[in-house]
Amino acid sequence: MELEQHQSSEGSFLDTSLDIDPVSDAIGAEIKGIDLALINDQTFAAIHAAWLKYNVLLFRDQTISDSDLVAFSRRFGELDESPPNENGVMSVPGLPEILILSNVIENGVAIGSLGNEECIWHTDMNYNERPPMGSALFALEVPPKGGNTGFLNMYRAFDALPVELHRKIERLTIKHDSTTNSAGFRRVGSEEVGDIRTSPGAIHPIIRTHPETKRKALYLGRRRYAYIPGLSLEDSEVLLDEIWAHTTQEQFYWHHKWRAGDIVVWDNRCTMHRRDDFPQSSRRIMHRTQIKGDQPH
Ligand code: SIN
């Protein structure tokens, strides 16, 4: 058991014991023995401090309702409504904050987004001016094989940058294409990308400072259709490949094998994630919330 001591909003120090078990050397921790439907402000303050420290938190054996998932997520901040994906907006009826991610098809209609495809490394909604600060993902049904989700520590990737690569990118930005999602599907209402230099999407610095921890992290979004403004297309591709080859080294990530009842909450400001594909013959149903964030600086 780890004793977390941290400052309350009134300035006094709280002692809150959380049973915290790091899940890898790279990133993430499991917090044991907590029912997320029942936590109080003091326990949440300790969870939040652990989130900033470990970047990804895992809670197992949760039986909470969708409304409780929304209430827990809202403790981190105001929530986004579900974004449109390849099948339009796929939220839980009456709860626009919950996006369904699923491969399940009922009566010929997909009940959620992203199907059973692999999702490449990305940070959620990087193509927006104000990407979400974080996301919570609740596993309702999981396949026996595949569908694991990887999380990558972008602080570590930044800290380990070779000097020359750091020098090359420190004042550069990336234009984050908004037309295609991480499973490769075109978003509803998006046009086919013609020229990646002019396709729509927000521009953010490659190196950002986390607004709460003040630590620097790489911010890459996703590789597909990314472009570094100010460089020729060819130079942009070469430099992006170099940054991605550095960032996606195994030493920076961990993959989570889901069990039904797991909730994972990640900090989008200092992580990327990806998902393995899985057989379409098995079912996977996940409910996701997203916490509103600020413009990366
Ligand atoms: C995602 O947000 O990219 C999907 C993660 C997952 O389905 O595990």
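A few remarks follow.
- Residue match in the stretch 103-114 (condition: away from the ligand (no atom under 12 Å from the Cβ) and either closer than 22 Å to P211 by Cβ or part of a helix (DSSP H, G or I) (or both)): no
- If you filter the stretch 264-276 down to residues that are away from the ligand (no atom under 12 Å from the Cβ) and assigned to a strand (DSSP E or B), you find that the one that is farthest from the chain's Cα centre (by Cα) is V265.
- The requirement of being open to solvent by 60 Å² or more (accessible area, probe 1.4 Å), on the phi < 0 side of the Ramachandran plot and not β-branched (V, I, T) is fulfilled nowhere in the stretch 261-270; no residue meets it.
- Lone qualifier among N55, N116 - being open to solvent by less than 70 Å² (accessible area, probe 1.4 Å), touching a residue at least 60 places away in the same chain (Cβ under 8 Å) and out of contact with any strand residue (DSSP E or B) (no Cβ under 8 Å at 6 or more places or on another chain): N116
- The residues of the stretch 82-99 that are at pLDDT 90 or above and open to solvent by 20 Å² or more (accessible area, probe 1.4 Å), listed by number, are L95, P96, E97.
- Within the stretch 216-242, considering residues that are of a type in the set (K, R) and within 16 Å of the ligand (Cβ to nearest atom), the one least open to solvent (accessible area, probe 1.4 Å): R222
- Matching residues in the stretch 136-171 - criterion: being open to solvent by less than 40 Å² (accessible area, probe 1.4 Å) and more than 14 Å from the ligand (Cβ to nearest atom): N153, M154, Y155, A157, F158, L161, L165, I169
- Residue, farthest from A49 (Cα to Cα), within the stretch 188-215, restricted to residues that are at pLDDT below 95 and open to solvent by 60 Å² or more (accessible area, probe 1.4 Å): G194
- For the stretch 253-263, a tally of residues being within 13 Å of the ligand (Cβ to nearest atom) and among the hydrophobic types (A, V, I, L, M, F, W, C) returns 2.
- Odd one out for P279 among (1) under 22 Å from V70 (Cα atoms); (2) away from the ligand (no atom under 14 Å from the Cβ); (3) open to solvent by 20 Å² or more (accessible area, probe 1.4 Å): (1)
- All strands (runs of 3 or more DSSP E) inside the stretch 194-235 with 3 or more residues being in contact (Cβ under 8 Å) with a residue 60 or more places away in the chain: 216-218
- Some residue of the stretch 61-73 being touching a Gly at 6+ places or on another chain (Cβ under 8 Å), within 16 Å of the ligand (Cβ to nearest atom) and open to solvent by 20 Å² or more (accessible area, probe 1.4 Å): no
- Residues (in a loop (DSSP other than H, G, I, E, B) and loosely packed, with under 12 Cβ neighbours inside 10 Å) located in the stretch 243-259: R259
- Residues that are of a type in the set (S, T, N, Q) and away from the ligand (no atom under 14 Å from the Cβ), drawn from the stretch 91-102: S91
The values are calculated or read from the model by the stated rules, or taken from the named source; none is laboratory data. Keep in mind the model is a prediction, meaning the values are calculated, not measured. Ideal geometry is used to build each Cβ from the backbone, glycine not excepted, and the neighbour counts take in all protein chains shown. These area figures cover heavy atoms from the full protein model, side chains too; ligands, DNA and RNA do not enter into them. Shrake-Rupley method; radii C 1.70, N 1.55, O 1.52, S 1.80 Å.
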